[in-house]
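Q: A single structure is presented below for examination.
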Amino acid sequence: MTDHLELPAREWWKSAVVYQIYPRSFADSDGDGIGDLPGITGRLDYLAALGVDVIWLSPVYPSPQDDNGYDISDYQDIDPVFGTLADFDELLEGVHRRGMKLLMDLVVNHTSDEHPWFVESRSSRENPRRDWYWWRPPRPGMTAGDPGAEPTNWLSAFSGSAWELDRDSGEYYLHLFSRKQPDLNWENPEVRAAVYAMMRWWLDRGVDGFRMDVINMISKDPALPDGHSHPGSSPWGDGLPHVLNGPNIHTYLQEMHREVFALHSRAFLAVGETPGCTVEEARLYTDPARGELDMVFQFEHVQVDQDGTKWQRRPLVLGELRAVMNRWQVGLADVGWNSLYWNNHDQPRVVSRYGDDGPEHRVRAATALGTVLHLHRGTPYIYQGEELGMTNAPFVHIEDFRDIESVNHYAAAVAAGQDPHAVLEDLRAVSRDNARTPMQWDGGLHAGFTTGTPWLAVNPNHREINAEAAQADPGSVWHHYRALIGLRHTESAVVHGDFTLLLTEHEQLYAFTRRHRHTVLLVIANLSSRTAVADQVPDVAAWERAELLLSNAPAPDAAHHRFALRPWEARVYRRVQ
Ligand code: GLC
């Protein structure tokens, strides 16, 4: 696949583009309103036509679905709602037959509270699996169940205390996410051995790697100190500094590498989801010499429009976004590797968030953002529907939302006295459900996603925005994404080139070069709804004569200023020096 790009086989993912599928919302084959594995298998030709190399499946394991499958009750089977192991094998075979690879989601910071490990662990204080989770007595001098008796003041990611009291034993267990997602105790070597054995089982079955859910939370500060709090405004403290990138994290990841990946001769992809990860930490995680991860999902570029928490929004300032992206490009230039993403199942849709999703600019905004991202150095990830320019959903009432994070936040914020209308406004902008509305296959009933009733309402704009229409229209977001993927497979400067940010003060333009040997690419995008002139680009005269490799708008008119970019126009030029 990548020979001409001169990549060692074990670094195949450096020229790959990954496509994330959220199985619940992708394609429903049996009419129950929930997507499933046969539905995905039936759409593999669509993905092959788009040209992606790797498919990452969000969790499909048996689960009570408290957090849509991120609460797993059996790591070695498929939830009946999604199908069977036989369906899985068929999907994997279909993926491999088309020359693609498949990544599983690995959720091992926590299990479901219905996982047999936890059922045993909670059964008594003496159970041999008690220590597989974080059990603690109430705060000294306090009675279990009293407000403030929780072992620490940590707030869970899904509102309320991160500790749940088990009345039978009088102790609390830690859950950084929902109370149905108890945290595994990675300090216990038996836990680690069980996880590694499970991972080997999937690799032996043929999967090509893992996307590792909140993997930098598995090592906690064993002292479990209270978090910093703001007395008066909230009873909760911030536990994250005590659980992110903890004292043993690198030891565990290196052990995992030795015990799982290094035992195989095949080359896998291991990408870690790492909230709160700095460039310095990422260099450690992704330095190949250390044997930890191939790349991480950092969060800084999806937090530049937030003030403190994700619910507190502020307008995007292009310069801030660009500075964050640049810092990661520079920081991982000599060691490690970047992953590149705008969207996933936890983020609102990028065209609505950093672009313009109105009818006039939507296609250009989606393609301009796609061009900027895909031309950076790193491995790009496309989230289902991003290749169509799918937008945020027009949710109206709280009843329209399904996501546990959104539903819990609404209840907690309203109980704390916030205006319900304002809280709903926040949810509309940033709720994870924006990403989770069903894939828009066609303009018909339920967008061709299901013949039944979709578990989450289809966006009514599927009549215009859908895969069928996009594939038929050469000017669509779909065709532009296909071209971006193709460029990564053919142009070695996209894979290997260095990265130099240009026009660092410009308020509308995002511009950079990528240089590899004698080839230089210039990427220039107007990320605004007003015309922008790029005449300060260094060497502008030479670039005006250069080959226009890719663009999301008709070729510039000779009669006009060649470097005047229309709203949301993006271009990629190439020069050989
Ligand atoms: C990750 C997942 C998110 C999930 C959480 C808990 O952030 O991407 O969807 O809710 O971890 O597993």
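Q: Return the residue satisfying two criteria in turn: it lies in the range 330-359 and is within 16 Å of the ligand (Cβ to nearest atom) and touching a residue at least 60 places away in the same chain (Cβ under 8 Å), and of such residues it is farthest from Phe299 (Cα to Cα).
A: So the residue we want is Arg349.
Q: So which residues in the range 403-452 are within 16 Å of the ligand (Cβ to nearest atom), in contact (Cβ under 8 Å) with a residue 12 or more places away in the chain and either more than 24 Å from Val302 (Cα to Cα) or surrounded by fewer than 19 Cβ atoms within 10 Å (Cβ to Cβ) (or both)?
A: Once the filter is applied, which keeps residues that are within 16 Å of the ligand (Cβ to nearest atom), in contact (Cβ under 8 Å) with a residue 12 or more places away in the chain and either more than 24 Å from Val302 (Cα to Cα) or surrounded by fewer than 19 Cβ atoms within 10 Å (Cβ to Cβ) (or both), the range 403-452 yields only Asn408.
Q: In addition: So Pro380 passes all but one of these: (1) surrounded by fewer than 24 Cβ atoms within 10 Å (Cβ to Cβ); (2) more than 16 Å from the ligand (Cβ to nearest atom). Which condition number does it fail?
A: Failing condition for Pro380: (1).
Residues checked against (1) on the phi > 0 side of the Ramachandran plot; (2) among the small types (Gly, Ala, Ser); (3) buried (at least 22 other Cβ atoms within 10 Å of the Cβ):
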| site | (1), (2), (3) |
| --- | --- |
| Gly486 | no, yes, no |
| His496 | no, no, no |
| Leu502 | no, no, no |
| His506 | no, no, no |
| Thr513 | no, no, yes |
| Leu521 | no, no, yes |
| Arg530 | no, no, no |
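Q: When you look at Val520, is it in a strand (DSSP E or B), outside the structural domain of Pro359 (by TED's automatic domain parsing) and within 21 Å of Tyr354 (Cα to Cα), yes or no?
A: Details: in a strand (DSSP E or B): yes; outside the structural domain of Pro359 (by TED's automatic domain parsing): yes; within 21 Å of Tyr354 (Cα to Cα): no.
No.
Q: OK, next. For a quick check of your reading: which helices (runs of 4 or more DSSP H) sit entirely within the range 428-506 and have at least 3 residues that are within 26 Å of Trp328 (Cα to Cα) and of a type outside the set (D, E, K, R)?
A: Numbers: elements: 433-436, 467-472, 477-490, 492-496.
The qualifying helices (runs of 4 or more DSSP H) are 477-490, 492-496.
Q: Is the range 87-102 home to any residue that is touching a Gly at 6+ places or on another chain (Cβ under 6 Å), free of Cβ contacts under 8 Å to residues at least 60 places away in the same chain and either surrounded by fewer than 21 Cβ atoms within 10 Å (Cβ to Cβ) or under 30 Å from Tyr46 (Cα atoms) (or both)?
A: No, the range 87-102 contains no residue that is touching a Gly at 6+ places or on another chain (Cβ under 6 Å), free of Cβ contacts under 8 Å to residues at least 60 places away in the same chain and either surrounded by fewer than 21 Cβ atoms within 10 Å (Cβ to Cβ) or under 30 Å from Tyr46 (Cα atoms) (or both).
Q: For residues that are part of a loop (DSSP other than H, G, I, E, B) and either free of Cβ contacts under 8 Å to residues at least 24 places away in the same chain or surrounded by fewer than 14 Cβ atoms within 10 Å (Cβ to Cβ) (or both), tally how many sit in the range 540-555.
A: Total meeting the criteria: 3.
Q: Tell me, which strands (runs of 3 or more DSSP E) lie completely within the range 231-332 with 3 or more residues that are out of contact with any Ser or Thr (no Cβ under 9 Å at 6 or more places or on another chain)?
A: Once the strands (runs of 3 or more DSSP E) in the range 231-332 are filtered for at least 3 residues that are out of contact with any Ser or Thr (no Cβ under 9 Å at 6 or more places or on another chain), what remains is 309-313.
Q: Further, regarding this structure: May I ask you to verify whether Trp568 is touching a Leu at 6+ places or on another chain (Cβ under 9 Å), within 30 Å of Met439 (Cα to Cα), assigned to a loop (DSSP other than H, G, I, E, B) and not hydroxyl-bearing (Ser, Thr, Tyr)?
A: yes
Q: A further question on this structure: Look through Ser58, Ser73, Ser63 and report the one residue that is over 21 Å from the mean Cα position of the chain (by Cα), within 16 Å of the ligand (Cβ to nearest atom) and buried (at least 16 other Cβ atoms within 10 Å of the Cβ).
A: Only one candidate passes the filter, namely Ser73.
Q: Can you tell me how many residues within the range 258-280 are touching a strand residue (DSSP E or B) at 6+ places or on another chain (Cβ under 8 Å) and not aromatic (Phe, Trp, Tyr)?
A: Matching residues across the range 258-280 total 7.
Q: Then there's this: Can you name every residue in the range 368-385 that is part of a helix (DSSP H, G or I) and in contact with a Phe, Trp or Tyr (Cβ under 7 Å, 6 or more places away or on another chain)?
A: Result: Ala368, Leu369, Gly370, Val372, Leu373.
Q: Turning to a different aspect of this structure: Within the range 172-189, restricting attention to residues that are over 13 Å from Glu259 (Cα atoms) and surrounded by fewer than 20 Cβ atoms within 10 Å (Cβ to Cβ), which residue is nearest to the ligand (Cβ to nearest atom)?
A: Across the range 172-189, the extreme among qualifying residues is Arg179.
Q: From the list Trp328, Trp311, which residue is out of contact with any Lys or Arg (no Cβ under 8 Å at 6 or more places or on another chain), buried (at least 22 other Cβ atoms within 10 Å of the Cβ) and hydrophobic (A, V, I, L, M, F, W, C)? Spell out how you get there, then give the answer.
A: Details: Trp311 fails: buried (at least 22 other Cβ atoms within 10 Å of the Cβ).
The match here is Trp328.
Q: Against the conditions (1) in a helix (DSSP H, G or I); (2) of a type in the set (Val, Ile, Thr); (3) within 10 Å of the ligand (Cβ to nearest atom), where does Val95 fall short? Just the number, please.
A: Looking at each condition in turn, Val95 falls short on (3).
The values are calculated or read from the model by the stated rules, or taken from the named source; none is laboratory data. Just so it is clear, the structure is predicted and the values come from calculations on it, not from any experiment. Glycine gets a Cβ as well: all are built from the backbone with ideal geometry, and neighbour counts include every protein chain shown.
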